[in-house]
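The values are calculated or read from the model by the stated rules, or taken from the named source; none is laboratory data. Quick caveat, the model's predicted, so the values are computed rather than measured. Note that each Cβ is placed from the backbone with ideal geometry, even for glycine, and that neighbours are counted across all protein chains shown.
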Amino acid sequence: ETGVTQTPRHLVMGMTNKKSLKCEQHLGHNAMYWYKQSAKKPLELMFVYSLEERVENNSVPSRFSPECPNSSHLFLHLHTLQPEDSALYLCASSHQRSLVGYTFGSGTRLTVV
Amino acid sequence: GESVGLHLPTLSVQEGDNSIINCAYSNSASDYFIWYKQESGKGPQFIIDIRSNMDKRQGQRVTVLLNKTVKHLSLQIAATQPGDSAVYFCAESEGNTPLVFGKGTRLSVIA
């Protein structure tokens with residue numbers, strides 16, 4: 001375990017469903033990130049939260065809605081997704097002002113049917 | 001925007017040989033570089049990092065080389081083992097901006 005826990009590990013949802021991905025870290029980090037990993041593509045940054053404020057939204061469609069209630073928890077709320085949204089969704093955390101890289105969770109494998 | 005990329009998508013090496021994974025970056029202002037390893041079913045794991053004021057850094061069986069003149073980063077793995085089989089990503093950052101990742105190189109170790 002890396003200290004960053006993501007649930008669920010796998011999720012299959014229909015295009016009309018609403019679901020949420022959860023990320024939790026107890027590393028004392030104050031920045032959290034959502035990345036999307038698709039086959040044969042680089043990791044794509046989706047959202048960045050620093051001190052519980054969203055500091056970056058990388059042109060992500062509104063069907064993805066992040067929430068950061070405190071510095072240890074991060075959610076990604078999903079609704080009316082498309083099949084092309086199927087991917088591995090990775091959460092990471094870091095000390096925001098540290099030059100040390102991020103700690104990643106194991107990801108949620110999402111399949112939209 | 002500028003991006004980080006990898007020269008080769010796959011690399012096969014014999015067990016016991018040394019591996020070299022390459023990465024080209026295009027943002028000359030990047031000042032922090034990092035290598036991650038991702039095994040099947042897991043998230044990326046930190047291997048080694050380097051700041052732009054250095055050109056070489058060594059870890060346990062791994063060495064990262066940074067050539068700022070040609071904007072090239074490499075990861076060397078000594079005495080490659082089957083457990084080293086994974087996808088390796090380089091990433092770069094300028095200042096406190098979020099990491100930008102390359103596509104990844106799949107390393108396969110032949111026993």
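Keeping to the stretch B:60-111, report how many residues are in contact (Cβ under 8 Å) with a residue 40 or more places away in the chain, in a loop (DSSP other than H, G, I, E, B), touching a Phe, Trp or Tyr at 6+ places or on another chain (Cβ under 7 Å) and within 11 Å of another protein chain (Cβ to nearest Cβ). Residues flagged as in contact (Cβ under 8 Å) with a residue 40 or more places away in the chain, in a loop (DSSP other than H, G, I, E, B), touching a Phe, Trp or Tyr at 6+ places or on another chain (Cβ under 7 Å) and within 11 Å of another protein chain (Cβ to nearest Cβ) within the stretch B:60-111 amount to 3.
Residue-wise test of (1) at pLDDT below 95; (2) surrounded by 12 or more Cβ atoms within 10 Å (Cβ to Cβ); (3) touching a Cys at 6+ places or on another chain (Cβ under 9 Å).
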site	(1), (2), (3)
A:E1	yes, no, no
A:Q6	no, yes, yes
A:H10	no, no, no
A:M15	yes, yes, no
A:Q25	no, yes, yes
A:F47	yes, yes, yes
A:V55	yes, yes, no
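Considering only the stretch A:99-112, state which residues are at pLDDT 95 or above and part of a loop (DSSP other than H, G, I, E, B). Within the stretch A:99-112, A:G105, A:S106, A:G107 qualify.
Taking the criterion of being under 26 Å from A:M15 (Cβ atoms) and within 13 Å of the chain's Cα centre (by Cα), the residues of the stretch A:69-84 that qualify are A:L74, A:F75, A:L76, A:H77, A:L78.
When A:Q96, A:Q6 are checked against the criterion of being among the polar types (S, T, N, Q), in a loop (DSSP other than H, G, I, E, B) and over 18 Å from B:K37 (Cα atoms), A:Q96 stands alone in meeting it. Being away from chain A (no Cβ under 14 Å) and either in contact with a Ser or Thr (Cβ under 6 Å, 6 or more places away or on another chain) or part of a strand (DSSP E or B) (or both), is that true of even one residue in the stretch B:32-53? Scanning the stretch B:32-53, I find no residue that is away from chain A (no Cβ under 14 Å) and either in contact with a Ser or Thr (Cβ under 6 Å, 6 or more places away or on another chain) or part of a strand (DSSP E or B) (or both), so the answer is no. Only one residue in B:S28, B:S12 is away from chain A (no Cβ under 14 Å), surrounded by fewer than 17 Cβ atoms within 10 Å (Cβ to Cβ), not β-branched (V, I, T) and not in a strand (DSSP E or B), so which one is that? Answer to the check: B:S28.
Quick check, is A:Y35 aromatic (F, W, Y) and within 9 Å of chain B (Cβ to nearest Cβ)? Criteria met by A:Y35.
Among the residues of the stretch A:53-68, just one is over 26 Å from B:K103 (Cα atoms) and more than 14 Å from the chain's Cα centre (by Cα), namely A:E53. Is it the case that B:E15 is modelled with pLDDT under 95 and of a type in the set (D, E)? For B:E15, the condition - modelled with pLDDT under 95 and of a type in the set (D, E) - is not met. Note on the stretch A:11-22: residues that are part of a strand (DSSP E or B) and touching a Ser or Thr at 6+ places or on another chain (Cβ under 7 Å) total 4.
The set of residues in the stretch A:57-113 that are free of Cβ contacts under 8 Å to residues at least 12 places away in the same chain and within 14 Å of chain B (Cβ to nearest Cβ) comprises A:N57, A:S59, A:R97, A:S98, A:L99, A:V100, A:G101. Residues of the stretch A:38-52 include at least one that is within 9 Å of chain B (Cβ to nearest Cβ), in contact with an Asp or Glu (Cβ under 6 Å, 6 or more places away or on another chain), over 19 Å from B:W35 (Cα atoms) and free of Cβ contacts under 8 Å to residues at least 40 places away in the same chain.
Scanning the stretch A:77-113 for residues that are more than 18 Å from A:T5 (Cα to Cα) and polar (S, T, N, Q) returns A:T80, A:Q82, A:S86, A:Q96, A:S98, A:T111.
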